[in-house]
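In what follows, a structure is listed as structure tokens, so that the remarks can point back to it.
Bear in mind that the values in this text are calculations on the coordinates, not laboratory data. Note that the structure is predicted; figures quoted are calculated from it, not measured. With ideal geometry, Cβ positions are generated from the backbone for all residues, glycine too; neighbour counts draw on all protein chains shown.
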Amino acid sequence: MEMENFRIAINAVVPLLFYICLGYITRARGVADKEMFRRMNRLCFRVFYVFISFYNVCQADFNTGEHGRLALFVLISFTVFMVILLLVVPHCVKENEKRGVVMQGIYRSNSVFFAIPLAQSVFGQEGASLAGLIVSFMVPIYNVLSVVILEYYHEKNIDPLGLLKNVLKNPLVLGAIAGLAYKLLPFGMPECLWIPVTKIAELTSPLCLFILGGSLTLSSVGGNLKYLLPILFTKLVAVPALILALAVSLGFSPLQRFVAFCLFATPVAAASFPMAQELGGDSELAAEIVVFSTAASGVTLVAWIYFMKTIGVF
């Protein structure tokens, strides 16, 4: 079973690292330069992100039914977590362009690529269904909140009206609004339109990782270690431990507690990099957080699953 869990974690991590390495090699071989990757990033953010946000909201199931208590637990935990970050991070991180990036690095998870496959590997189709339900509920919330935070720390003089205007113009938010409007319509989208929307949404994350690899500057890692190490420990060890302890103490079933754990224990979403680059955040730090959290999760997720099985959490 340990080898099976290791295989699942590796299968989740390696494809993402492959996209990153391909982008890095492409730039290193001179096929594309850093400026080209910057323009590609803008294209991805301005165009492709509208589609992925629209798709995520369209796929979201807000009728959580019997698992409403779990959805509420995840939402409340996330809200409390965010309040703590908003209070603590500004005191620990002095540079405005790093504050939003650090927050994203701690709270924003790559749930689609990790949580659903992990839940399916441990609990089968029932696990995949529940993880898909909770992920679809939370991803739009992650996206909109990320826009708000990055816009907030991007502005030197905060104008609430200007901040709201910038947030509403963001491609992720526009896509989410379009998705909500579509869900209210009494008719569905023709298949000839839904197919390209789906394909573009599926393409966005690999493209994002490819661009991230092409934009990566490893020379800055040494200077960012004071941020990277605490972020990785908090993201992959401390927060998952707290969520798991709360889920067990509140009497959730083994499946429910594992799904809640997966939402908080998985590495940082690739989308945090292009958002940081476009919204004035420290894009080098954002890229490093994605790369190192993805690589480290290959170890931490296997260790967590082994630990939980050993103590009988599921």
State which entries of Lys183/Lys235; Lys169/Lys226; Lys98/Lys169; Lys98/Lys235; Lys169/Lys235; Lys165/Lys235 exceed 26 angstrom in Cα-Cα distance in the structure shown. Lys183/Lys235; Lys169/Lys226; Lys169/Lys235; Lys165/Lys235
Please give the residues of the stretch 74-117, grouped as numeric ranges, whose backbone N is less than 13 Å from a label point set 7 Å along the Cα-to-Cβ vector of Tyr306. none
Taking amide H positions as placed in the peptide plane 1.01 Å from N, state which residues far from Ser109 in sequence (5 or more) or on other chains have amide H under 5 Å from it. Ala269
A correct Karplus calculation of ³J(HN,Hα) over the stretch 230-241, with 6.51 cos²θ - 1.76 cosθ + 1.60, θ = phi - 60°, whole Hz and x for Gly and Pro, returns x, 5, 5, 5, 5, 5, 9, 10, 5, 5, x, 5
Longest segment of the chain with no trypsin sites (Lys or Arg not before Pro) in a DSSP loop having at most 15 other Cβ atoms within 10 Å? 157-314
With charges set only on the Cβ (+1 for Lys and Arg, -1 for Asp and Glu), what does the dipole of the chain come to about its Cα centre, in debye to the nearest 20? 360
Once you wrap a convex hull around the alpha carbon atoms of the chain, what is its projected area averaged over all directions, in nm²? 16.9
How large is the helix-only mean residue ellipticity at 222 nm for the chain, computed as the sum of -39500 (n - 2.57) over DSSP H runs with n ≥ 4, divided by its residue count, in deg cm²/dmol to the nearest 500? -27000 deg cm²/dmol
Collect residues whose amide H, placed 1.01 Å from N in the peptide plane, falls under 5 Å from the amide H of Val93; neighbours closer than 5 in sequence don't count. none
Per-residue HN-Hα couplings for the stretch 128-137 [Karplus 6.51, -1.76, 1.60; θ = phi - 60°; Hz; x = Gly/Pro]: 5, 5, 5, 4, x, 4, 5, 4, 5, 6
